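Take a look at the structure set out below.
The values are calculated or read from the model by the stated rules, or taken from the named source; none is laboratory data. From a predicted model like this one, the values you see are computed outputs, not experimental measurements. Don't worry about glycine lacking a Cβ; one is built from the backbone with ideal geometry, like all the others, and counts go over all protein chains shown.
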Amino acid sequence: MPIYNAPLQDFRFLIHEYLDLEPCRDLESMAEATPDVIDAVLEEAAKVSEEVLQPLNAVGDREGCRLEDGEVRLPTGFKDAWRVYTEGGWPGLTCDPEYGGQGLPGFVGLALSEMINAANASFSAYPGLTHGAYEVLHHYGTAEQKQRFLPAMVEGRWAGTMNLTEPQCGTDLGLIRTRAEPQDDGTYRIHGTKIWITAGEHDLADNIVHLVLARLPDAPAGTRGISLFVVPKFNVDAEGSAGERNAVRCGSIEHKMGQSASSTCEMIFEGAVGELVGEENRGLACMFTMMNAARLVTGIQGLAMASAAQQNAAAFARERLQGRALSGPRFPDKPADPILVHPDVRRMLLTSRALVEGCRALGIYTGVQLELERRHADETVRIGAGRWVALMTPIIKAFFTDVGSEVANLGMQVHGGAGYVTDTGVEQFVRDVRITQIYEGTNGVQALDLVGRKLIADSGATLKSFFDHAAGLLEKTTDPALEEFTGPFREALERLQQASAWIYGEMSRDPNEAGAASADYLRMFALTALAFTWTGQAAVAQRRITAGEGSAFYQAKLDTARYFMRRVLPETLGLDAKIRAGAGPIMDPVDEAF
Ligand SMILES: Cc1cc2nc3c(=O)[nH]c(=O)nc-3n(C[C@H](O)[C@H](O)[C@H](O)COP(=O)(O)OP(=O)(O)OC[C@H]3O[C@@H](n4cnc5c(N)ncnc54)[C@H](O)[C@@H]3O)c2cc1C
């Protein structure tokens, strides 16, 4: 069965050495977040992940969910794990203390999210969706709605969901048909069917708080006529107590490729009582709060499974004996050398590690910007940080989940046949991670968001935020020993800048140019952003080594950074060429070519 050792050393390195937390110093969320507290939280989160959640990952995969008399039963052990998780206060780690949360900074929450997802992605869907629903209600709910719903969600007594998708409506939310009929008492009756709703029904929590997109009778057509409603499984009274059953039920659950223990439900609303959240016809804007937060977490999910796959592959490569090193036997006393000696195996493992640790750094860096955007007293700081977050959201969602799939597959390849058969359990990563490229807006749609919105947002100021951070890093990275990192990073930045300008010019002539370039552009951007994080990480490691405080950990950082710059980043050259080939080769072929 797979192992999982939470990457605590890397989290500590990133949080205490790589990140610049100075701009966060005066934030309320940092008051309690001393280095010791952060370390203690990470260690406890690692324990829950390794000891409680990870052992259930294969069980959940084997047993899956069952629908019995309209109730969804989760696999053996999941209820107990939820109890341990909620009693430990984990759902409220970063939530508002006013509603019972611990108010720690969001980047600590991202580390928790990575660990629990790496240990058990199916389980993590339940707290993940609950937190997303919490965010929406916290942001857009009335004071009274917050008092009634949030404390139980923060405690984990109640869970949450997000109900967008319908049979005729996936990416194109303008096609939503679910109806909301206003009632004299100010509530609404919700009628319609939603499909593929993660955690739509389960037996973990006492109540499930559904956030549902629906249309009012006189709503304008398309996305401008969608409103958001909170529809609990059990109606909630003025004191925040759950009462009688609401008219919403699970019609069926899906059988799917992976994440078998996260229930994927058809939800049927038969005149269920709902309350409006936010303004009428502004539902999509409210839901975007949840979707943007969920997109970051989905990216982290991809990274998490990549990390788990990578560490299992590395452990296997040290033990599996096959063939001899090309330069002569490394272990002549053994019947064969460990496969770690083979260049192709080393390539797969180093690519995996360079992607995983590069993404982890980018994720946590973005977590700090998110914290500044939400909580900093100075509006200019909030706006600047918000631009970084807006720009990185589609990149993190799409690239990290692509990395999840790539690295899970590389991990299987390192295992050979042992990876394909189910005994080692690593094929579960390949299956479990695959959905992350599809839900929360497909990766193709993320790429369109990057070129169609973020590239031109705020007259280019959103795009510029990345180049400003990059220039800041290069300015302070002056050690000539680091030229092997800053040089390729600088070149990649220039390439990205020119590709951005090229796309901007071409898309004003033909919108298909933006669509055709989008996926390659997102990957090019992501790799350049990883070069940014690897340059920063290498600078920290080099400083330590120069100061005589070197260790195998810092040396491994430098080696991986070097590998990234020489063996991964050059992919941007090919992506640049593909982008500049333009839309013609994609849009010109006759229908018979497909
Ligand atoms: C396991 C699972 C869990 C899910 N959980 C939830 C949930 O909790 N809540 C919820 O509301 N939904 C959920 N979904 C639904 C999920 O968000 C959708 O599947 C996803 O948004 C894509 O919609 P679709 O499947 O209808 O694909 P479609 O929209 O039909 O897209 C099909 C293909 O066309 C492409 N495409 C579509 N439109 C465009 C365009 N304009 N430009 C370029 N390409 C385009 C897409 O990228 C994709 O490749 C879940 C789905 C699954 C499978």
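Of note:
- Qualifying residue in the range 131-143 (condition: assigned to a helix (DSSP H, G or I), without any contact (Cβ under 8 Å) to a residue 24 or more places away in the chain and either within 20 Å of Phe229 (Cβ to Cβ) or not hydrophobic (A, V, I, L, M, F, W, C) (or both)): yes
- All conditions but one from (1) small (Gly, Ala, Ser); (2) touching a residue at least 12 places away in the same chain (Cβ under 8 Å); (3) part of a helix (DSSP H, G or I) apply to Ala40; the one that does not is (2).
- Residue count, the range 428-453 (criterion: within 9 Å of the ligand (Cβ to nearest atom), on the phi < 0 side of the Ramachandran plot and among the small types (Gly, Ala, Ser)): 2
- Members of the range 154-164 that are within 16 Å of the ligand (Cβ to nearest atom) and either in a helix (DSSP H, G or I) or out of contact with any helix residue (DSSP H, G or I) (no Cβ under 7 Å at 6 or more places or on another chain) (or both): Asn163
- Within the range 165-202, the set of residues being surrounded by fewer than 23 Cβ atoms within 10 Å (Cβ to Cβ), part of a loop (DSSP other than H, G, I, E, B) and either on the phi > 0 side of the Ramachandran plot or near the ligand (Cβ under 7 Å from one of its atoms) (or both) comprises Thr165, Gly170, Thr171, Asp172, Gly186.
- Restricting Arg295, Arg282, Arg249 to residues that are surrounded by 20 or more Cβ atoms within 10 Å (Cβ to Cβ) and touching a residue at least 40 places away in the same chain (Cβ under 8 Å) narrows the list to Arg295.
- Test: Phe123 is hydrophobic (A, V, I, L, M, F, W, C) and farther than 17 Å from Val37 by Cα: yes
- Residue match in the range 287-299 (condition: under 19 Å from Arg177 (Cβ atoms) and within 16 Å of the ligand (Cβ to nearest atom)): yes
- Taken together, Thr94, Thr86 contain a single residue that is in contact with a Gly (Cβ under 6 Å, 6 or more places away or on another chain), buried (at least 16 other Cβ atoms within 10 Å of the Cβ) and not in a loop (DSSP other than H, G, I, E, B), which is Thr86.
- Taking the criterion of being in a loop (DSSP other than H, G, I, E, B), out of contact with any Gly (no Cβ under 8 Å at 6 or more places or on another chain) and more than 16 Å from the ligand (Cβ to nearest atom), the residues of the range 203-219 that qualify are Asp203, Asp206, Pro217, Asp218.
- The set of residues in the range 243-280 being more than 13 Å from the ligand (Cβ to nearest atom) and touching a Pro at 6+ places or on another chain (Cβ under 7 Å) consists of Asn246 alone.
- Unique residue being outside any helix (DSSP H, G or I) and at pLDDT 95 or above when the list is Gly384, Gly328: Gly328
- Scoring Glu513 on the criteria (1) assigned to a loop (DSSP other than H, G, I, E, B); (2) within 16 Å of the ligand (Cβ to nearest atom) leaves a single failure, condition (1).
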